[in-house]
Amino acid sequence: EILVDFLNTFLHDGTPQIVSANLRPEEKTGDNIHSKVIYFDVHAKDNNGKKYIIEVQRRAQDFFINRSLYYSSREISSQGESGELKDYDFSPVYNISILNFVPKADWAYDFYNVFSYRKDKSFEKLTDKTAQILILLPLMNLTSDELKDRRTKWCYLLRNAVKLNKEKLSKLKWTDETIFEKIKK
């Protein structure tokens, strides 16, 4: 219940709600013996069948963006039967990454970012079959008094989890909301 609430908080407006999430240490091999092995942290599905890959990465990693694109691509391509997708219709795959680092040194984005396929000038959406959601915890610098919505509250908890014990957590005004009560327990 806590994981589903967390994930639904980070989906952008208009996205169907996630109804199931599973911690699945899963191994997937590539198309040949030399292909990489992939481990997914969490898999989730929404009420329309969209698939979500959720990954938590604490330490900086070179080529993280390419790696997450690779993970999403493997999940999309695995939906074909014998390497074929009828009319290339497949369940969408979104990748939600919670990072304790900023992937590129020159990025100055907000802590919550959605990247998708859009036209350069008009920003017209090309497809809703995939998106990358990046939650960059080092850029989440709000104080507990500045938290305005569920998204900022979750990020505050993640960013400060090591410092927050039950006593400090209880002092936060907003933690009496039902889901945060469950987290305290």
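Below, the figures for the structure above:
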item	result
Options V37, V93, V42; residue that is modelled with pLDDT under 85, more than 30 Å from K153 (Cα to Cα) and open to solvent by less than 90 Å² (accessible area, probe 1.4 Å)	V37
Residue list for region 131-142, filter: out of contact with any Leu (no Cβ under 9 Å at 6 or more places or on another chain) and open to solvent by less than 70 Å² (accessible area, probe 1.4 Å)	A131, L139, L142
Selection count where residues are of a type in the set (F, W, Y) and modelled with pLDDT of 80 or more, scope region 67-89	2
Candidates K119, K125, K51 - the one that is surrounded by 18 or more Cβ atoms within 10 Å (Cβ to Cβ) and over 14 Å from P138 (Cβ atoms)	K51
Some residue of region 145-165 being within 23 Å of E55 (Cβ to Cβ), in a helix (DSSP H, G or I) and free of Cβ contacts under 8 Å to residues at least 12 places away in the same chain	yes
Filtered residues of region 1-34 (kept if modelled with pLDDT under 60 and open to solvent by 80 Å² or more (accessible area, probe 1.4 Å))	P25, E27, T29, D31, N32, I33, H34
Residue tally, condition surrounded by 13 or more Cβ atoms within 10 Å (Cβ to Cβ) and not in a helix (DSSP H, G or I), over region 62-77	0
Residue that is in a loop (DSSP other than H, G, I, E, B) and over 26 Å from R58 (Cα atoms), where the choices are D128, D87, D110	D128
Residue within region 151-158 that is among the aliphatic types (A, V, I, L, M) and under 30 Å from S73 (Cα atoms) present	yes
Qualifying residues in region 90-107 (those that are in a loop (DSSP other than H, G, I, E, B) and touching a Pro at 6+ places or on another chain (Cβ under 9 Å)) - the one nearest to N47 (Cα to Cα)	N100
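The values are calculated or read from the model by the stated rules, or taken from the named source; none is laboratory data. Model, not experiment: these values are computed from the prediction. Every residue, glycine among them, receives a Cβ derived from its backbone with ideal geometry; neighbour counts consider all protein chains shown. In case anyone asks, the SASA skips ligands and DNA or RNA and just uses the protein heavy atoms, side chains included. Shrake-Rupley method; radii C 1.70, N 1.55, O 1.52, S 1.80 Å.
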